[in-house]
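Student: Sharing a structure below in structure tokens format, with a few things to ask.
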Amino acid sequence: MSVARLIERKEIVICAGAGGVGKTTTAAAIALGMAQRGLKVAVLTIDPARRLANSLGLPELGNEERQVEIDGSGELWAMMLDAKRTFDDLIEKHAPDERTRDAVLSNRIYQELSNAVAGSQEYMAMEKLYELQQEERYDLLVLDTPPSRNALDFLDAPERLSRFVDSRSLQLFLRPGRIGLKVFGRGTGMLFSVLKGVTGVDLLQDLSDFFASFGDMAEGFRDRAARTGELLADSGTTFLLVTSPRRAAIDEAIFFHRRLRERKLPFGGVVVNRMSTLAVHEDEVDVTELQALLGKRLGRKVASNLADYDAIATRDRENVDRLARDLDEGTPPILVPHLEDDVHDISGLLEMNEYLFAAEAVPAPG
Ligand SMILES: Nc1ncnc2c1ncn2[C@@H]1O[C@H](COP(=O)(O)OP(=O)(O)O)[C@@H](O)[C@H]1O
Ligand SMILES: [Mg+2]
């Protein structure tokens, strides 16, 4: 099975899964593979290993896409998502005028908030996705997902932002005319004025300023969060689960798949990355052959070593079987072996693509 079949005619591919399984690498590899097949592709990476970022030309680039040189007829563009920058851009978009924009961006409360809101990275990933989708400049968008502890945080992000905007405490601040001051009791007011005396920082002023300006934008934010949420369920979107063959990652993939079904979100398939090589190639260990080649003692040692690998391979295969049974989707998982080296450049991605795009020839460029 080739991943190209799983994502045929899709406009958005979201690579989701547990931390460290290879989401970022897989997203980059798929984007490269599809670009070689003639599409104009953008990959939105999050937190790529430094060497991979380098080889995609990402370090100098901030929050904008940048074209990567490839062999093939399509185009590959890559960007490294900067959550804070995306948040700032969003304020710029929703601010009714320049004064409000500057007031919010320079506001200390905003600066803390935009860095720290739980799930803001997840939300901003989707925000950027929505923005690029609206611009219609690409045939395919491949989204890497943030290294959350819980892969599901990602699915919840739009709703969480709406809930934050709608929350009672925020509404209290946002109610016209009240601008924060009254919601703090006298004691809190005292505390703030002591703080101001000591630090010279007027936090209360910052707070009320922030909520006063943010109030005008709340509606726009809520709206957009709803539309990004809808994008996840769109028929042009598909989720690819990425997992390792280890038990914990497989469990998380099974769980994630269930949640996708519950929410009627589109599932495309599973990539099991870093399989033991023996599990992928199904090689047989032949002791007699090894002993003939290496002599009796060394032959036996190598054979016993291989037997250990074989045990790991068997366990990997069993885990994959369990995954396939549980998903019950018809399409078998795509297996990618644990490669000799870390995947940190284009040639590493190409090596991965021999497995991701297996059983399908790459058309000659041009
Ligand atoms: N099939 C593979 N073989 C060898 N190394 C791999 C493979 N897939 C990923 N890696 C390496 O594993 C590390 C983690 O991969 P990454 O894609 O960053 O995971 P995630 O985004 O899920 O946290 C990276 O250093 C990457 O080069
Ligand atoms: Mg990653």
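Residues are listed down the side, and each one gets a yes or a no for (1) surrounded by fewer than 14 Cβ atoms within 10 Å (Cβ to Cβ); (2) modelled with pLDDT of 75 or more; (3) assigned to a helix (DSSP H, G or I):
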| site | (1), (2), (3) |
| --- | --- |
| 84 | no, yes, yes |
| 91 | no, yes, yes |
| 99 | yes, yes, yes |
| 158 | no, no, yes |
| 163 | yes, no, yes |
| 182 | yes, no, no |
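Student: Right, next: Just give me the residues in segment 221-275 being farther than 21 Å from residue 125 by Cα and aromatic (Phe, Trp, Tyr), in sequence order.
Tutor: 255
Student: Here's another thing I want to ask about it. With respect to the numbered conditions (1) more than 28 Å from residue 256 (Cβ to Cβ); (2) touching a residue at least 12 places away in the same chain (Cβ under 8 Å); (3) out of contact with any strand residue (DSSP E or B) (no Cβ under 8 Å at 6 or more places or on another chain), which one is the sole condition not fulfilled by residue 106?
Tutor: Exception for residue 106: condition (2).
Student: Let me ask something else about it. Just checking, does segment 269-284 include any residue being modelled with pLDDT under 90, small (Gly, Ala, Ser) and assigned to a helix (DSSP H, G or I)?
Tutor: Kept after step one, since they are modelled with pLDDT under 90, are these residues of segment 269-284: 277-284.
Applying the additional criterion that residues be small (Gly, Ala, Ser) yields 279.
Subsequent filtering for residues that are assigned to a helix (DSSP H, G or I) retains 279.
Scanning segment 269-284 turns up at least one residue that is modelled with pLDDT under 90, small (Gly, Ala, Ser) and assigned to a helix (DSSP H, G or I).
Student: Sort through 326, 342 and tell me the only one that's touching a residue at least 40 places away in the same chain (Cβ under 8 Å), at negative phi and within 16 Å of ligand 2 (Cβ to nearest atom).
Tutor: Details: 326 fails: within 16 Å of ligand 2 (Cβ to nearest atom).
Criteria check complete, one pass: 342.
Student: Same structure, new question: Among the residues of segment 38-57, are any out of contact with any strand residue (DSSP E or B) (no Cβ under 6 Å at 6 or more places or on another chain) and more than 16 Å from ligand 2 (Cβ to nearest atom)?
Tutor: Yes, the conditions are met somewhere in segment 38-57.
Student: Going residue by residue through segment 310-324, is there one that turns out to be over 20 Å from residue 243 (Cα atoms) and touching a strand residue (DSSP E or B) at 6+ places or on another chain (Cβ under 9 Å)?
Tutor: Looking through segment 310-324, none of the residues is over 20 Å from residue 243 (Cα atoms) and touching a strand residue (DSSP E or B) at 6+ places or on another chain (Cβ under 9 Å).
Student: Go through segment 305-344 and count every residue that is within 16 Å of ligand 1 (Cβ to nearest atom) and surrounded by fewer than 15 Cβ atoms within 10 Å (Cβ to Cβ).
Tutor: 3
Student: Could you list, ordered by first residue, the pairs with Cβ atoms under 9 Å in which the first is in segment 277-291 and free of Cβ contacts under 8 Å to residues at least 12 places away in the same chain and within 27 Å of residue 354 (Cβ to Cβ) and the second is acidic (Asp, Glu) and surrounded by 12 or more Cβ atoms within 10 Å (Cβ to Cβ), at least 6 apart or interchain?
Tutor: 283/310; 284/310
Student: Among 339, 335, 323, which is the only one that is of a type outside the set (Lys, Arg), out of contact with any His (no Cβ under 6 Å at 6 or more places or on another chain) and within 20 Å of residue 4 (Cα to Cα)?
Tutor: Working: 339 fails: within 20 Å of residue 4 (Cα to Cα); 323 fails: within 20 Å of residue 4 (Cα to Cα).
Sole residue among the options that is of a type outside the set (Lys, Arg), out of contact with any His (no Cβ under 6 Å at 6 or more places or on another chain) and within 20 Å of residue 4 (Cα to Cα): 335.
The values are calculated or read from the model by the stated rules, or taken from the named source; none is laboratory data. Since we're looking at a predicted model, the values are computed, not measured. With ideal geometry, Cβ positions are generated from the backbone for all residues, glycine too; neighbour counts draw on all protein chains shown.
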